[in-house]
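Below is one structure; the comments refer to it alone.
The values are calculated or read from the model by the stated rules, or taken from the named source; none is laboratory data. Because the structure is predicted, anything quoted here is derived from the model rather than measured. Every residue, glycine among them, receives a Cβ derived from its backbone with ideal geometry; neighbour counts consider all protein chains shown. These area figures cover heavy atoms from the full protein model, side chains too; ligands, DNA and RNA do not enter into them. Shrake-Rupley method; radii C 1.70, N 1.55, O 1.52, S 1.80 Å.
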Amino acid sequence: MMTAELSQFIDIHTHILPGIDDGPKSLEESAAMAQCYVDVGISRIIATPHFIPGTAWAAGRERIRESLQVLQTYLAEKSIALDIFSGMEIAFHQKLISRLERNILQPLAQSRYYLLEPSFQDPQGDLLCCIRQLMDRGEKVILAHPERIPSFQEELGPLTELVRQGLEVQLNMGSLLDRFNELSKQTSMQLIANNSVHYLASDSHSAESRKPPTLQDWEKLTSLLGDKLLTKLCIVNPWKLLDVENTHSCE
Ligand SMILES: [Fe+2]
(Lines give C-alpha, C1' and ligand atoms only; values in the text may rest on other atoms or scores of the structure.)
Protein backbone atom coordinates (compact mmCIF):
# COMPACT_ATOMS: atom_id res chain seq x y z
CA MET A 1 0.00 0.00 0.00
CA MET A 2 1.59 3.29 -1.10
CA THR A 3 -0.74 5.73 0.61
CA ALA A 4 -2.12 5.42 4.08
CA GLU A 5 -5.89 5.45 3.62
CA LEU A 6 -7.95 6.54 6.60
CA SER A 7 -10.73 4.18 5.46
CA GLN A 8 -8.39 1.22 6.06
CA PHE A 9 -7.57 2.29 9.60
CA ILE A 10 -8.67 -0.10 12.34
CA ASP A 11 -8.99 1.70 15.65
CA ILE A 12 -7.87 -0.83 18.26
CA HIS A 13 -8.55 1.34 21.34
CA THR A 14 -11.99 2.92 21.69
CA HIS A 15 -14.60 3.47 24.38
CA ILE A 16 -17.81 3.21 22.39
CA LEU A 17 -20.04 0.83 24.36
CA PRO A 18 -22.84 2.69 26.18
CA GLY A 19 -23.00 3.02 29.95
CA ILE A 20 -20.13 0.70 30.68
CA ASP A 21 -17.28 3.11 31.51
CA ASP A 22 -16.46 6.78 30.93
CA GLY A 23 -17.42 6.50 27.27
CA PRO A 24 -20.92 7.25 25.88
CA LYS A 25 -23.82 7.11 28.32
CA SER A 26 -26.50 5.94 25.90
CA LEU A 27 -27.02 4.05 22.65
CA GLU A 28 -27.65 7.40 20.94
CA GLU A 29 -24.26 8.73 22.07
CA SER A 30 -22.57 5.50 20.96
CA ALA A 31 -24.27 5.82 17.57
CA ALA A 32 -23.03 9.41 17.26
CA MET A 33 -19.49 8.12 17.80
CA ALA A 34 -20.03 5.32 15.28
CA GLN A 35 -21.28 7.87 12.78
CA CYS A 36 -18.02 9.84 13.16
CA TYR A 37 -16.09 6.74 12.10
CA VAL A 38 -18.39 6.00 9.18
CA ASP A 39 -18.28 9.63 8.02
CA VAL A 40 -14.54 9.32 7.31
CA GLY A 41 -14.88 5.86 5.77
CA ILE A 42 -13.69 3.76 8.73
CA SER A 43 -15.59 0.48 8.97
CA ARG A 44 -13.84 -1.55 11.68
CA ILE A 45 -12.94 -0.75 15.28
CA ILE A 46 -12.31 -2.65 18.52
CA ALA A 47 -14.31 -1.66 21.60
CA THR A 48 -12.02 -1.61 24.63
CA PRO A 49 -14.00 -0.61 27.73
CA HIS A 50 -12.01 -0.02 30.90
CA PHE A 51 -11.60 -2.98 33.21
CA ILE A 52 -10.68 -1.53 36.59
CA PRO A 53 -11.53 -4.01 39.36
CA GLY A 54 -13.11 -2.49 42.44
CA THR A 55 -14.71 0.33 40.44
CA ALA A 56 -17.91 0.69 38.43
CA TRP A 57 -15.83 0.23 35.28
CA ALA A 58 -15.20 -3.49 35.40
CA ALA A 59 -17.50 -5.18 32.87
CA GLY A 60 -16.44 -8.77 32.21
CA ARG A 61 -16.38 -10.59 28.87
CA GLU A 62 -20.05 -11.60 28.95
CA ARG A 63 -21.35 -8.11 29.63
CA ILE A 64 -19.10 -6.68 26.93
CA ARG A 65 -20.39 -9.26 24.44
CA GLU A 66 -24.01 -8.48 25.30
CA SER A 67 -23.48 -4.74 25.15
CA LEU A 68 -21.78 -5.10 21.79
CA GLN A 69 -24.64 -7.12 20.37
CA VAL A 70 -27.17 -4.53 21.50
CA LEU A 71 -25.11 -1.73 19.96
CA GLN A 72 -24.55 -3.57 16.67
CA THR A 73 -28.31 -4.22 16.38
CA TYR A 74 -29.02 -0.55 17.09
CA LEU A 75 -26.46 0.58 14.51
CA ALA A 76 -27.92 -1.80 11.92
CA GLU A 77 -31.37 -0.28 12.50
CA LYS A 78 -29.86 3.17 11.91
CA SER A 79 -27.95 1.94 8.82
CA ILE A 80 -24.60 2.84 10.40
CA ALA A 81 -22.17 0.32 8.93
CA LEU A 82 -19.46 -0.07 11.55
CA ASP A 83 -18.11 -3.48 12.54
CA ILE A 84 -17.13 -3.47 16.20
CA PHE A 85 -15.00 -6.22 17.71
CA SER A 86 -14.71 -7.10 21.40
CA GLY A 87 -11.79 -5.93 23.46
CA MET A 88 -10.92 -4.59 26.88
CA GLU A 89 -8.51 -2.03 28.30
CA ILE A 90 -7.25 -3.90 31.33
CA ALA A 91 -5.91 -1.68 34.09
CA PHE A 92 -2.88 -3.24 35.73
CA HIS A 93 -3.83 -4.81 39.07
CA GLN A 94 -2.36 -7.47 41.32
CA LYS A 95 -4.88 -10.20 40.44
CA LEU A 96 -4.52 -9.71 36.69
CA ILE A 97 -2.92 -13.08 35.98
CA SER A 98 -5.42 -15.01 38.10
CA ARG A 99 -8.29 -13.22 36.32
CA LEU A 100 -6.71 -14.10 32.98
CA GLU A 101 -6.51 -17.74 34.08
CA ARG A 102 -10.21 -17.62 34.98
CA ASN A 103 -11.01 -16.34 31.49
CA ILE A 104 -12.45 -13.07 32.76
CA LEU A 105 -10.24 -10.85 30.61
CA GLN A 106 -11.08 -10.17 26.98
CA PRO A 107 -8.30 -10.11 24.38
CA LEU A 108 -8.49 -7.86 21.31
CA ALA A 109 -10.92 -9.31 18.77
CA GLN A 110 -9.99 -12.89 17.87
CA SER A 111 -6.34 -12.36 18.71
CA ARG A 112 -4.27 -13.50 21.68
CA TYR A 113 -3.29 -9.89 22.47
CA TYR A 114 -4.34 -8.18 25.70
CA LEU A 115 -4.41 -4.37 25.94
CA LEU A 116 -2.92 -3.35 29.29
CA GLU A 117 -3.26 0.09 30.83
CA PRO A 118 -0.49 1.28 33.17
CA SER A 119 -1.29 3.26 36.30
CA PHE A 120 -0.90 7.02 35.89
CA GLN A 121 0.38 7.42 39.47
CA ASP A 122 2.14 4.30 40.66
CA PRO A 123 5.71 3.18 39.94
CA GLN A 124 5.79 0.68 37.07
CA GLY A 125 7.91 -2.07 38.64
CA ASP A 126 4.98 -4.41 39.38
CA LEU A 127 3.44 -3.79 35.95
CA LEU A 128 6.68 -4.57 34.12
CA CYS A 129 7.13 -7.71 36.24
CA CYS A 130 3.57 -8.80 35.38
CA ILE A 131 4.18 -8.19 31.66
CA ARG A 132 7.31 -10.31 31.84
CA GLN A 133 5.34 -13.11 33.54
CA LEU A 134 2.61 -12.89 30.90
CA MET A 135 5.14 -13.06 28.07
CA ASP A 136 6.87 -16.02 29.75
CA ARG A 137 3.50 -17.79 29.65
CA GLY A 138 3.24 -17.08 25.93
CA GLU A 139 0.64 -14.31 26.20
CA LYS A 140 0.81 -11.31 23.88
CA VAL A 141 0.69 -7.90 25.50
CA ILE A 142 0.08 -4.44 24.09
CA LEU A 143 0.80 -1.58 26.48
CA ALA A 144 -1.69 1.28 26.08
CA HIS A 145 -0.41 4.86 25.79
CA PRO A 146 2.79 4.67 27.93
CA GLU A 147 3.72 8.08 26.51
CA ARG A 148 1.03 9.65 28.72
CA ILE A 149 2.38 8.14 31.94
CA PRO A 150 4.76 10.33 34.01
CA SER A 151 7.02 7.45 35.09
CA PHE A 152 7.56 6.37 31.47
CA GLN A 153 8.09 9.97 30.41
CA GLU A 154 10.96 10.04 32.92
CA GLU A 155 12.52 6.69 32.09
CA LEU A 156 11.98 4.50 29.03
CA GLY A 157 14.83 2.05 29.55
CA PRO A 158 12.98 -0.89 31.19
CA LEU A 159 10.07 -0.49 28.77
CA THR A 160 12.37 -0.50 25.76
CA GLU A 161 14.00 -3.68 27.06
CA LEU A 162 10.60 -5.40 27.31
CA VAL A 163 9.78 -4.28 23.77
CA ARG A 164 12.96 -6.02 22.62
CA GLN A 165 11.57 -9.15 24.26
CA GLY A 166 8.18 -8.96 22.54
CA LEU A 167 6.03 -6.37 24.32
CA GLU A 168 4.08 -4.21 21.87
CA VAL A 169 3.16 -0.57 22.36
CA GLN A 170 0.13 1.50 21.38
CA LEU A 171 0.34 5.29 21.30
CA ASN A 172 -2.64 7.62 21.42
CA MET A 173 -3.10 9.77 18.34
CA GLY A 174 -3.88 12.68 20.65
CA SER A 175 -0.33 12.57 22.04
CA LEU A 176 1.03 13.31 18.57
CA LEU A 177 -1.71 15.85 17.84
CA ASP A 178 -0.84 18.01 20.87
CA ARG A 179 -4.05 17.10 22.74
CA PHE A 180 -2.13 16.15 25.88
CA ASN A 181 1.00 17.70 27.38
CA GLU A 182 4.27 18.34 25.57
CA LEU A 183 5.96 15.45 27.39
CA SER A 184 3.43 13.03 25.86
CA LYS A 185 4.47 14.15 22.41
CA GLN A 186 8.19 14.09 23.19
CA THR A 187 7.92 10.59 24.69
CA SER A 188 5.92 9.43 21.66
CA MET A 189 8.61 10.67 19.29
CA GLN A 190 11.31 9.05 21.41
CA LEU A 191 9.48 5.70 21.35
CA ILE A 192 9.01 5.99 17.59
CA ALA A 193 12.70 6.82 17.12
CA ASN A 194 13.56 3.71 19.21
CA ASN A 195 11.36 1.59 16.92
CA SER A 196 9.26 0.75 19.99
CA VAL A 197 5.77 1.55 18.67
CA HIS A 198 3.43 -0.95 17.03
CA TYR A 199 -0.01 0.71 17.00
CA LEU A 200 -1.55 4.16 16.88
CA ALA A 201 -5.14 4.41 18.11
CA SER A 202 -7.62 7.09 19.10
CA ASP A 203 -8.67 6.06 22.64
CA SER A 204 -11.89 7.83 21.65
CA HIS A 205 -14.56 8.41 24.30
CA SER A 206 -17.31 10.44 22.61
CA ALA A 207 -18.39 12.26 19.46
CA GLU A 208 -17.73 15.62 21.14
CA SER A 209 -14.40 15.49 22.96
CA ARG A 210 -11.71 12.80 22.70
CA LYS A 211 -13.48 11.85 19.50
CA PRO A 212 -12.69 9.49 16.61
CA PRO A 213 -10.04 10.70 14.17
CA THR A 214 -10.98 13.27 11.57
CA LEU A 215 -9.56 13.71 8.09
CA GLN A 216 -7.58 16.71 9.38
CA ASP A 217 -6.08 14.58 12.17
CA TRP A 218 -5.08 11.97 9.59
CA GLU A 219 -3.43 14.59 7.38
CA LYS A 220 -1.43 15.91 10.35
CA LEU A 221 -0.36 12.38 11.30
CA THR A 222 0.65 11.69 7.71
CA SER A 223 2.89 14.74 7.58
CA LEU A 224 4.37 13.95 11.01
CA LEU A 225 5.06 10.22 10.51
CA GLY A 226 4.96 9.67 6.76
CA ASP A 227 2.82 7.21 4.81
CA LYS A 228 4.92 4.15 5.45
CA LEU A 229 4.97 4.33 9.24
CA LEU A 230 1.34 5.44 9.49
CA THR A 231 0.30 2.48 7.34
CA LYS A 232 2.22 0.08 9.58
CA LEU A 233 0.87 1.46 12.87
CA CYS A 234 -2.73 2.09 11.84
CA ILE A 235 -3.43 -0.47 9.14
CA VAL A 236 -0.97 -3.35 8.75
CA ASN A 237 -0.45 -4.22 12.43
CA PRO A 238 -4.11 -3.71 13.50
CA TRP A 239 -5.30 -5.89 10.61
CA LYS A 240 -3.16 -8.72 11.99
CA LEU A 241 -5.22 -8.63 15.21
CA LEU A 242 -8.35 -9.45 13.23
CA ASP A 243 -6.69 -12.43 11.62
CA VAL A 244 -7.89 -15.48 13.55
CA GLU A 245 -4.75 -17.36 12.56
CA ASN A 246 -2.54 -14.68 14.01
CA THR A 247 -0.09 -15.99 16.56
CA HIS A 248 2.91 -13.88 15.64
CA SER A 249 4.26 -10.62 16.91
CA CYS A 250 4.07 -7.63 14.63
CA GLU A 251 7.17 -6.52 12.80
FE1 LIG B 1 -8.65 4.00 26.92
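Worth pointing out:
- Set of region 26-53 residues, backbone N closer than 16 Å to the point 7 Å along the Cα-Cβ line of Arg102: 51-53
- Within straight-line reach of Lys78, meaning a Cα separation under 12 Å, sit the following aspartates and glutamates at least 8 residues removed in sequence or on another chain: Glu28.
- Spin-label model, Gln72 to Asp122: label points 7 Å out along the Cα-to-beta-carbon direction sit 3.4 nm apart.
- In order along region 93-101, phi translates into HN-Hα couplings of 8, 4, 8, 4, 5, 5, 5, 5, 4 Hz, rounded to whole numbers, per the Karplus curve 6.51 cos²θ - 1.76 cosθ + 1.60 with θ = phi - 60° and x for Gly and Pro.
- Peptide packing: for 198-208, 158-168, the average count of neighbouring Cβ atoms within 10 Å per residue gives the ranking 198-208, 158-168, highest mean first.
- Spatially proximal aspartates and glutamates relative to Lys140 (Cα-Cα < 16 Å; intrachain offsets below 8 disregarded): Glu89, Glu101, Glu117, Glu161, Glu168, Asp243, Glu245, Glu251
- Taking θ as phi - 60° and the Karplus parameters 6.51, -1.76 and 1.60, the scalar couplings of region 79-88 work out to 6, 9, 8, 10, 8, 10, 9, 6, x, 6 Hz in sequence order, x denoting glycine and proline.
- Amide H within-cut-off set for Glu89, under 5 Å, with H built and near neighbours excluded: His50, Phe51
- With all protein chains in place and ligands, DNA and RNA left out, the 1.4 Å accessible area ranks Leu143, Leu225 as Leu225, Leu143, largest first.
- Structure note, pairs Lys25/Lys232; Lys211/Lys232; Lys95/Lys228; Lys25/Lys95: Cα-Cα distances above 31 angstrom occur for Lys25/Lys232; Lys95/Lys228.
- Basic side chains Lys and Arg get +1 at the Cβ, acidic Asp and Glu get -1 at the Cβ, and with that the dipole of the chain about its Cα centre reaches some 400 debye.
- For the pair Ser79 and Gln35, the difference between a 0.36 nm per residue extended length and the Cα-Cα distance amounts to 14.9 nm.
- Rounded to whole numbers, the Karplus 3J(HN,Hα) couplings from phi for region 168-184 are 10, 10, 10, 9, 8, 3, x, 5, 7, 9, 6, 8, 10, 7, 4, 4, 5 Hz, using 6.51 cos²θ - 1.76 cosθ + 1.60 with θ = phi - 60°, and x at Gly and Pro.
- Contact order normalised by residue count of region 6-241, Cα under 8 Å, 6+ apart, percent: 21
- Solvent exposure of the chain amounts to 44 Å² per residue of accessible area, where only protein heavy atoms count and the probe is 1.4 Å.
- Value of relative contact order over region 76-182, rounded to a whole percent, pairs C-alpha under 8 Å and six or more apart: 22
- Cα gyration tensor, region 6-241 - rounded (a/c under 1.5), prolate or oblate: oblate
- Cut-off 10 Å between beta-carbons: net charge of the residues surrounding Leu176, Lys and Arg +1, Asp and Glu -1: 0
- The DSSP beta bridges internal to the chain are antiparallel in roughly 5% of cases.
- Ranked packing of 11-19, 180-188, most packed first, by mean Cβ within 10 Å: 11-19, 180-188
- Among 92-103, 20-31, 117-128, sorting by the average number of other beta carbon atoms lying within 10 angstrom of each residue, highest first, gives 20-31, 117-128, 92-103.
- Counting protein heavy atoms only, the chain has 49 percent of its accessible area on carbon and sulfur, 1.4 angstrom probe.
- For a modelled paramagnetic label at Ser43, 7 Å from Cα along Cα-to-Cβ, the residues of region 71-89 in reach, with backbone nitrogen under 11 Å, are 81-83.
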